[in-house]
């Protein structure tokens, strides 16, 4: 049984994923920082908003809520110069789409160049990597 007294077979199973930028902050609070460290650009090291939201969601809904910070885990290790450049290029391309008013697209790397793809082509579809091209 779950904490609210319903059996598992009676529960409606739903999952949600909430993505939050580490620079996000509630209106009534300041920024969330992992410490007082300053990075090489002179900015505070941000972090902690995800855990704050998870605790708030769990308190408000009484549903178990978890928080994870992907950071380097998502990339599989410390970023190299290529990772940093790709992030920059993707960001530039995303801002370019906004400036042009070309919404409903996601930035993509295809056939050796950065482009964009309509969301209808990627939502609900698995896009696998051709391993032969990376051997």
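Readers should treat all values here as calculations from the given coordinates under stated rules, not as data from a laboratory. Bear in mind the structure is a predicted one, so any value in this text is a computation, not a measurement. No Cβ is skipped: glycine too gets one built from the backbone with ideal geometry, and neighbour counts run over all protein chains shown.
Tabulated data for the structure shown
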| quantity | calculated |
| --- | --- |
| Likely footprinting exposure, 90, 103, 41, fewest C-beta neighbours within 10 Å first | 41, 103, 90 |
| The range 77-125 - Kirkwood radius from inverse mean 1/r over Cα pairs (Å) | 11.8 |
| Mean-position separation - Cα centroids, the range 105-135 and the range 26-71, in angstrom | 30 |
